[in-house]
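Working notes, structure below.
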Amino acid sequence: MNPHFLRIALSRVSAILLSGMVLCGCVSTVTGERTPFVAPTAISDVYSSANLQMMLATTSNASGECVEAECVQRSEFDQRVAMTGARLSGGAYQAFPGLADRVTQFNFMVVDKAEPGTASTAAGYIVVLRPLSSIALSDEALTFVIAREMGHVVAQHHEENTATSMILSVVATVIAPIINIAKIFAIGYSGATSGVATSAVASASMTAASFVGSRVIIESYRPKQREEADDIAIKLLAPLGYDVQAVSAAFDNVDLHTPQTSWMRELQSSLARLSVAAEPQALARPARLAIAGPAEYSGN
C-alpha cells in the first residue's frame, strides 16, 4: 500500500477511536464490581428507545378488546403498576443520589401484548406487558419485577450496551476503508470498477459483522447485568418491607414456564438466585431468636 494512504488510514483510526473514547466514559456500576464503558444517557436513550419499539413491534398483540369485568381488572392492574412505580421511584432517588442527574423521572406504561415481560429505556421509561398481571399476582411479585427493570436503568446497562455498539461500529468504520484501499491498490487501475464494487461489498459485510458482533457481546453481558438488576431491586424493596424471602415466596404458586420466552427464562434465573439467598435468612432467624433471649426482644 502507498505509505501516504497508510498514514491517512492510521490517522483516521486514531481520530475515530479518540472520538469514541470521548463519547464513552469508564464508570463503576452501582454495585462497584465492574467498570464498563458507557455512552451518554441522551445517546443511549435514542438507541434503547429504538430497541424498545422493535421489541413491541415484534411481540404479538393481545387478541380482542376487553369486556366488562376484564376491563375492570385491566384498569386495576394499570393502577397497581402506577402506584408501585411511584413508590419505587421515590426510593430509587433516595438510594442512588446521582440518579437524578441522568433520569429526571421514571414513567410507567402498560402495553397490551400476548406475552408477559418488561422493558425500559436509558431515560427511565418502563414498559410492562399486560400478561404480567397473571404472574405478578401479589404486591411483592409486581414490585420486584418492576424494580428489577428499573435496576437496569439505575445500573446504566442501556448506556453500556450502546457504548458496545458504538465502539464496534467505529471499528467497522475504520477497518472497512483500510481493507478497501488495500484491495483497490492490489487490483490496480485496470480493475478499478471491480475494485469499487468489491469495496462496497466489503463495507456492507463489515457493517453487518459489527451489528452481529455487538449483539453477541451484549448478550454475554446479560447474566451479570441481570444479577446487578436483581440486587438493585432487592435494595429498592427493602424500605417497602419486602425481603428476599418474601419475594421468592411470592412466585411459589406461579407458572413460570408458559410461555417459554427469553424474558421468562431470565425471570426464572433471577428467582432461582433469590431462592438460594432466601434460605440462609429463613435458617438464621430462628437461631438468632433462640440465642438472643427474651430481653433483646421485649416490647416487640
Completion exercise
All conditions in (1) modelled with pLDDT under 95; (2) in a helix (DSSP H, G or I) are true of residue 295 except (2)
Exercise for the section: Select from the stretch 207-225 the residues that are of a type in the set (Lys, Arg) and at pLDDT 90 or above and write down the one among them that is surrounded by the most Cβ atoms within 10 Å (Cβ to Cβ). Expected result: 224
Practice task
Specify which of the listed residues (45, 101) is surrounded by 14 or more Cβ atoms within 10 Å (Cβ to Cβ) and of a type in the set (Asp, Glu).
Solution key: 45
Problem - Candidates 128, 201, filtered to the one that is out of contact with any Lys or Arg (no Cβ under 7 Å at 6 or more places or on another chain), modelled with pLDDT under 55 and either not basic (Lys, Arg) or not in a loop (DSSP other than H, G, I, E, B) (or both) - result: 201
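In this structure, is residue 228 surrounded by 13 or more Cβ atoms within 10 Å (Cβ to Cβ), farther than 20 Å from residue 137 by Cβ and touching a helix residue (DSSP H, G or I) at 6+ places or on another chain (Cβ under 9 Å)?
Answer is yes for this residue.
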Practice task
Filter the stretch 65-74 down to residues that are under 16 Å from residue 134 (Cβ atoms) and in a loop (DSSP other than H, G, I, E, B), then give me how many there are.
Solution key: 1
Practice task
Can you confirm whether the stretch 242-263 contains a residue that is touching a strand residue (DSSP E or B) at 6+ places or on another chain (Cβ under 8 Å), modelled with pLDDT of 95 or more and in a helix (DSSP H, G or I)?
Solution key: yes
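The values are calculated or read from the model by the stated rules, or taken from the named source; none is laboratory data. If you're wondering where the values come from, they're calculated on a predicted model, not measured in any experiment. Cβ sites come from the backbone with ideal geometry, for glycine too, and all protein chains shown count toward neighbours.
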